[in-house]
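Visitor: Mind looking over this structure? Questions follow.
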Amino acid sequence: MWLGIDTSGAVGVAVGDRESGRVLAVGQDDRARHHDEVLMALIDDTLRRAGGGRADLEAVVAGRGPGPFTGLRVGLVTAREIAFVLDIPLHGLCSLDALALQAAEETPEARSLAIALDARRREVYWARYERADGQSPSAPGARIERVEGPSVSAPADVAEELMACDVVAGSGALLHSEILHPNSALAHVDAGSLLREAWRRLDAGEDLSSTEPLYLREPDAKKPSARKSALGRR
């Protein structure tokens, strides 16, 4: 059993069988500000529905974002702790890649895809993808390649570029629908797709050893650089 965790937006968990390539169970909580409260319970529930427990895990795949600082950190720290305690491999994948796989499978006729997640501050985390060269649009098991991003921008600054793609999806596209005009209802990463895309890339020999978060900008809360005197002197 492999465990997938993504907290780039919603809290997503999946358990899959690496040998067969099947996703056995998926769990998701769409609340955006309760990652630390629901993640461990969601992991245990998803493992139970998959017919196993933590001791059965053989590897962990973590979504690296981009995503809000606190939520993303909760998922990555949890994934690292589980892998450390169980002494099992840990892999990381850009969360946008997993959502792009979902969009490609939902719209097999599409050749180009744009993913935009809500980055708050009236911005979006985005990336553009193309279906792998030589693959028929109707071929099973979509294979996509990221051709630009991930980046963070105001929606208006990238609207023309993203809307040129066949598919525009993601929570950021839906939130700024008047600017980005999404044509997919997909909002958040399905952790089952995170697992399947990681398996495909590992089979292709790609190095997924990094689990460094893709914050793309500084956190909202910052430590003051110096304390100010009440008398106006430093």
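The values are calculated or read from the model by the stated rules, or taken from the named source; none is laboratory data. Keep in mind that this is a model prediction, so the values were computed, not measured. Note that each Cβ is placed from the backbone with ideal geometry, even for glycine, and that neighbours are counted across all protein chains shown. Areas reflect the complete protein model, heavy atoms only, side chains present, ligands, DNA and RNA absent. Shrake-Rupley method; radii C 1.70, N 1.55, O 1.52, S 1.80 Å.
Visitor: Residues of the range 24-70 being over 25 Å from residue 120 (Cα atoms), open to solvent by 50 Å² or more (accessible area, probe 1.4 Å) and not in a helix (DSSP H, G or I), which ones?
Guide: The answer is 24, 26, 51, 58.
Visitor: So which residues in the range 160-181 are crowded, with 21+ Cβ neighbours inside 10 Å, free of Cβ contacts under 8 Å to residues at least 60 places away in the same chain and not in a strand (DSSP E or B)?
Guide: Listed by number, the residues that qualify are 162, 172, 173.
Visitor: Do we have any residue at all in the range 92-105 that's hydrophobic (A, V, I, L, M, F, W, C), under 28 Å from residue 209 (Cβ atoms), open to solvent by 10 Å² or more (accessible area, probe 1.4 Å) and not in a loop (DSSP other than H, G, I, E, B)?
Guide: no
Visitor: So residue 156 fits all but one of (1) hydrophobic (A, V, I, L, M, F, W, C); (2) within 20 Å of the chain's Cα centre (by Cα); (3) assigned to a helix (DSSP H, G or I); what number is the exception?
Guide: Failed condition: (2).
Visitor: Touching a helix residue (DSSP H, G or I) at 6+ places or on another chain (Cβ under 6 Å), assigned to a loop (DSSP other than H, G, I, E, B), under 16 Å from residue 98 (Cα atoms) and at pLDDT 95 or above, is that true of residue 184? Break it down into steps so the answer makes sense when it comes.
Guide: Values: touching a helix residue (DSSP H, G or I) at 6+ places or on another chain (Cβ under 6 Å): yes; assigned to a loop (DSSP other than H, G, I, E, B): yes; under 16 Å from residue 98 (Cα atoms): yes; at pLDDT 95 or above: yes.
Criteria met by residue 184.
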